Amino acid sequence: MKYGVVVFPGSTCDVDAYSLVKDVLKQSVEYIWHQEEKVTGFDCLILPAGASFGDYLRCGALARFSPVMKAVADFARQGGLVLGLGNGFQILTEAGLLPGALYRNTSLQFRCQDSYLKVENCDTPFTREIPPEQVLKIPIAHGQGNYYADPETLRQLKANGQIIFRYATAEGEVTPAANPNGSVDNIAGVCNESKNVLGMMPLPERASEALLGSADGKLIFTSILKYWEECRL
C-alpha cells in the first residue's frame, strides 16, 4: 500500500505521519508538496496536523487554496482514501470535502492532553479493525477544534452514520465534562457520505506505539490497510 503525506508550509506533524507509515506500518510512503497538481499512484492521502500557513486568517483557510487540494478532491471523488488529522481536518472542512466547520475552543485556550474516543461507526475503512466496545486513548493538541454543524447537517450526519468519533470518558460515556473543546454533540471526527474521507481532531499518529503511552491510534491505520487488502481481492 502506498501513502502520500501532503506537506503545507507550516505543517508540523508531517514527519510524525511519515514515520508512522514507514517505521510502524512498514508501508510505502512519500511526501507531497502543496504545490503539486497530481497525486497519482497513491492509495491513501494523509493531510497532517500542524499550523499550515501559520494558521493565518483561519486554520486551514489558506491551505485549501493550495494547488494540491484540487487533486486531493479529485482523488476523493474517485474513491481514494483521505485522512485529515488535526489541521488536516480543518483543511478538509474549509475545502468542502467534509461538512461542518472548526471554531476556537470554547475555553479560548490551547488544549494539549489525552482524550478518550467512543467509536460510533465501526463499518468504515478507517474503523473496521476497532472492536465496537473499545474506547480509544488518543491525544489532542489544538486551539481551534470546536466542531460545529447546523441542526440540519447534524441530523444528516447522524442519519448517514457519518459521525465516527465522539469525545467520551475512559469508560466510554459521552458527557459534557469529557468534551475538551465545546464541539457540538461531543463530535471528534466525521466522514463524508461515501465514507472514504475522514477528518478528526485527535492525533492517532501520536498514539501508534505503546512507548508513546497508547497504541490505540494504530488501529485506525491497520483498518485502512485491511480495507485496502480486501479491495485487492
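The values are calculated or read from the model by the stated rules, or taken from the named source; none is laboratory data. Being a predicted model, the structure only gives us computed values, none of them experimental. No Cβ is skipped: glycine too gets one built from the backbone with ideal geometry, and neighbour counts run over all protein chains shown.
Yes/no per residue for (1) surrounded by fewer than 21 Cβ atoms within 10 Å (Cβ to Cβ); (2) among the acidic types (D, E); (3) over 27 Å from K226 (Cα atoms):
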{"position": "Q113", "(1), (2), (3)": "yes, no, yes"}
{"position": "T127", "(1), (2), (3)": "no, no, no"}
{"position": "Q134", "(1), (2), (3)": "yes, no, no"}
{"position": "I140", "(1), (2), (3)": "no, no, no"}
{"position": "Y148", "(1), (2), (3)": "yes, no, yes"}
{"position": "L157", "(1), (2), (3)": "no, no, no"}
{"position": "A168", "(1), (2), (3)": "no, no, no"}
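Given (1) farther than 26 Å from T12 by Cβ; (2) in a strand (DSSP E or B), identify the lone condition not met by G161.
With (1) farther than 26 Å from T12 by Cβ; (2) in a strand (DSSP E or B) applied to G161, the lone miss is (2).
Consider G4 against the criteria (1) of a type outside the set (A, V, I, L, M); (2) touching a Leu at 6+ places or on another chain (Cβ under 8 Å); (3) not in a strand (DSSP E or B): it satisfies all of them except one. Which criterion is unmet?
(3)
So, in region 43-63, of the ones that are at pLDDT 95 or above and surrounded by fewer than 21 Cβ atoms within 10 Å (Cβ to Cβ), which residue ends up nearest to the chain's Cα centre (by Cα)?
Among them, the one singled out is D43.
Within the set of pairs 6 or more residues apart or between chains, which connect a residue that is within 15 Å of L203 (Cα to Cα) and in contact (Cβ under 8 Å) with a residue 60 or more places away in the chain inside region 5-21 to a residue that is among the aromatic types (F, W, Y) and outside any strand (DSSP E or B) with Cβ atoms less than 8 Å apart?
L20/F221; V21/F221
Would you mind telling me which numbered condition in (1) touching a helix residue (DSSP H, G or I) at 6+ places or on another chain (Cβ under 8 Å); (2) touching a residue at least 24 places away in the same chain (Cβ under 8 Å) A71 fails?
Tallying (1) touching a helix residue (DSSP H, G or I) at 6+ places or on another chain (Cβ under 8 Å); (2) touching a residue at least 24 places away in the same chain (Cβ under 8 Å), A71 fails exactly one: (1).
Determine whether region 57-71 contains at least one residue that is in contact with a Phe, Trp or Tyr (Cβ under 8 Å, 6 or more places away or on another chain), within 18 Å of L219 (Cα to Cα), polar (S, T, N, Q) and not in a helix (DSSP H, G or I).
no
Pairs under 6 Å by beta carbon, first residue more than 13 Å from V6 (Cα to Cα) and without any contact (Cβ under 8 Å) to a residue 40 or more places away in the chain in region 38-62, partner of a type in the set (V, I, T) and surrounded by fewer than 19 Cβ atoms within 10 Å (Cβ to Cβ), six or more apart or different chains?
Listed pairs, sorted by first residue: none to list.
Restricting attention to region 161-190, which residues are of a type in the set (S, T, N, Q) and within 15 Å of P99 (Cβ to Cβ)? It would help to see each step written out before you state the result.
Initial filter on region 161-190 (of a type in the set (S, T, N, Q)): 162, 169, 175, 179, 181, 183, 186.
Those that are of a type in the set (S, T, N, Q) and within 15 Å of P99 (Cβ to Cβ): Q162, S183.
I'm told S28 meets every condition in (1) over 22 Å from K218 (Cα atoms); (2) exposed (fewer than 15 other Cβ atoms within 10 Å of the Cβ) except one. Can you identify the failing condition by its number?
Single failed check for S28: (1).
Please verify whether region 65-72 includes one or more residues that are surrounded by fewer than 23 Cβ atoms within 10 Å (Cβ to Cβ) and closer than 26 Å to R155 by Cβ.
For region 65-72, residues surrounded by fewer than 23 Cβ atoms within 10 Å (Cβ to Cβ) and closer than 26 Å to R155 by Cβ: absent.
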